[in-house]
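Okay, so here's the structure we're looking at.
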Amino acid sequence: MTTSKILIVEDEKPIREMIAFHLVRAGFETVEAADCRAARQLLADERPDLALIDWMLPDMSGLELTRMLKRDKSNEDLGIIMLTARADEYDKVAGLEGGADDYVTKPFAPRELIARIQAVLRRARSADEEVIRAGVLELDTAGHRVSADGKEIRLGPTEYRLLRFLMTHADRVYSRTQLLDRVWGANVYVEERTVDVHVRRLRKALTEAKADDYIQTVRGAGYRFSTRDA
Ligand code: CA
């Protein structure tokens, strides 16, 4: 299983570093932001699995940031835990209604925070379908395997991510720019042509299974995964 990446959004450096220390020790990968602006940049660049967002931040409240992130479709898989210094019931409800998955009240024991993180990640994982089927293809998200009629199809990591994204968003057209953002992460400096190269490789890998025409080119718009005829 891959390591989960956690974004810590907290302006108080000692607290941020303390959290990062405990998360790394528990086997997580961490990225840190001191304000909402940096957090949004890291979300696009690093594609974390979960964000810990402090309630009180210098440029925007953690609640506003949470609401903003949840309005953005590209963060639909992101888990959010709010860190709040307030024991106020109202704040907890507002946080959850704003789109947070859970909240932890400061001061907290690192062990408790880690348990909450694991619970949110587990829920997100079981919400994901473990095996996605479309036409002859079967994509096992837990095992990172793709097969057709029980026969494994070997894919490179990028082709796998591309296929997984397309299969979980079937019958919708994505432009090259959207695919770069969603599969590669925003602000990675690759050309749009790169998408075409990986689409070509993916189709080639799917040819033997006669699934190559599931990856459809939509002229002037981008690509679409569909088991129906283009
Ligand atoms: Ca703070």
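What number in nm² do you get for the chain if you take the convex hull of its Cα atoms and divide its surface by four?
Working: hull surface 53.3 nm².
Convex hull of Cα atoms, orientation-averaged projection: 13.3 nm².
Report the calculated FRET efficiency for T158 and V136 (r = Cβ-Cβ distance, R0 = 25 Å), to the nearest 0.05. Please report the intermediate quantities before stating the final value.
On the way: r = 22 Å, r/R0 = 0.88.
Step by step, r from the Cβ atoms, then E = 0.70.
With just the Cα atoms of region 5-125, tell me how far they stretch along each of the three principal axes, in Å, largest first.
33, 32, 29
Taking loop as defined by DSSP and a crowding limit of 13 other beta carbons within 10 Å, which GluC sites (Glu not before Pro) in region 103-198 fit?
E129, E130, E191
Exceeding 19 Å between C-alpha atoms, which entries from my cross-link table qualify? They are K151/K210; K70/K92; K13/K70.
K13/K70
Convex hull volume of the Cα atoms in region 115-221, per residue, in Å³?
Each residue corresponds to 118 Å³ of Cα convex hull volume.
Between A170 and D77, what is the label-to-label distance in nm when each label sits 7 Å out along the Cα-to-Cβ direction?
The answer from the label model is 1.7 nm.
Values quoted throughout were computed directly from the atomic coordinates according to the rules given, and no laboratory measurement underlies them. Just so it is clear, the model here is predicted, and its values are computed rather than measured. Please note: Cβ atoms are built from the backbone with ideal geometry, for glycine as well, and neighbour counts cover all protein chains shown.
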